[in-house]
Each structure stands twice: as C-alpha cells, then as structure tokens.
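Undergrad: Below are the structure tokens for one structure; questions will follow.
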Amino acid sequence: MEQPQYLVARLRRALAEDPRTAELGVQVTIRGDVVVLCGEVSSENCKQQMETVVHEQLPHARIHNDVHVNRPTAPVETETLEPDGPERS
C-alpha cells in the first residue's frame, strides 16, 4: 500500500498536469480510505473532472468532493484612485 503522503503528492500532480483540470489550488487529503478534495474552482465541469481524474488514479477510492465553484463576476461600480503624494504642477 502506498504511503498517504506519496498518494497525496501523486493525486495533486495528476490534477495539476491533466488538461481537463490543470488545477493547483485544490487541497487533497487522505482520511482513512477517503480522498478529500477541497478548495475553489471556476466551473462545475472542473469540479466534476477532478473526481474523474482521481478515479482514474484510484479506481476504488471513495471521494468526498468539497470543492466550491467560484464564478468571478465583473465589478458593478467604478473605482476611483486618488494620488498618494502631493500634486505636481
């Protein structure tokens, strides 16, 4: 049986290198016989693809996918920046 720290490293590498996910910001932990994924991604598809990649690496693993989908939106107001120092003429 592979040591948990090596298994986590292998799964993180697979998630980072697979073009379906290419994800570095998701944490992977092993709790007993469960792989736990947590963090944020930009789409529901990416969240589901993460489970697919993990299942390809560990076909019999149970997965708890606690990844949240964070959909970035454009700001609704304009930000005005004030100069920091004294005005120059």
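Undergrad: Which whole-number percentage describes the relative contact order of segment 28-89, with Cα contacts under 8 Å and a sequence gap of 6 or more?
TA: 38 percent
Undergrad: Return the sequence-ordered ³J(HN,Hα) values of segment 73-84 in whole Hz as given by the Karplus equation 6.51 cos²θ - 1.76 cosθ + 1.60 applied to θ = phi - 60°, using x for Gly and Pro.
TA: In residue order, the calculated couplings are 10, 6, x, 8, 10, 8, 9, 9, 9, 9, x, 7 Hz.
Undergrad: Looking at the chain, which GluC sites (Glu not before Pro) are in a loop (DSSP not H, G, I, E or B) and have at most 13 other Cβ atoms within 10 Å?
TA: Those that pass, being in a loop and sparsely packed, are E2, E77, E79, E87.
Undergrad: Let me ask you something else. Take the alpha carbon gyration tensor of segment 1-88, find the square roots of its eigenvalues, order them as a ≥ b ≥ c, and report rounded if a/c is under 1.5; if not, report prolate when a/b exceeds b/c, else oblate.
TA: prolate
Undergrad: Non-local amide H neighbours of E40 (under 5 Å, H modeled in plane, Pro and chain starts lacking H): which ones?
TA: Close amide H contacts, sequence-distant or interchain: H68.
Undergrad: Right, next: Counting trypsin sites (Lys or Arg not before Pro) as exposed when in a DSSP loop with at most 16 other beta carbons within 10 Å, what is the longest stretch of the chain free of them?
TA: The reported range is 21-87.
Quick note: the coordinates plus some simple rules give every number you see, no bench work behind them. Just so it is clear, the structure is predicted and the values come from calculations on it, not from any experiment. Virtual Cβ from ideal backbone geometry, glycine too; neighbours counted across all protein chains shown.
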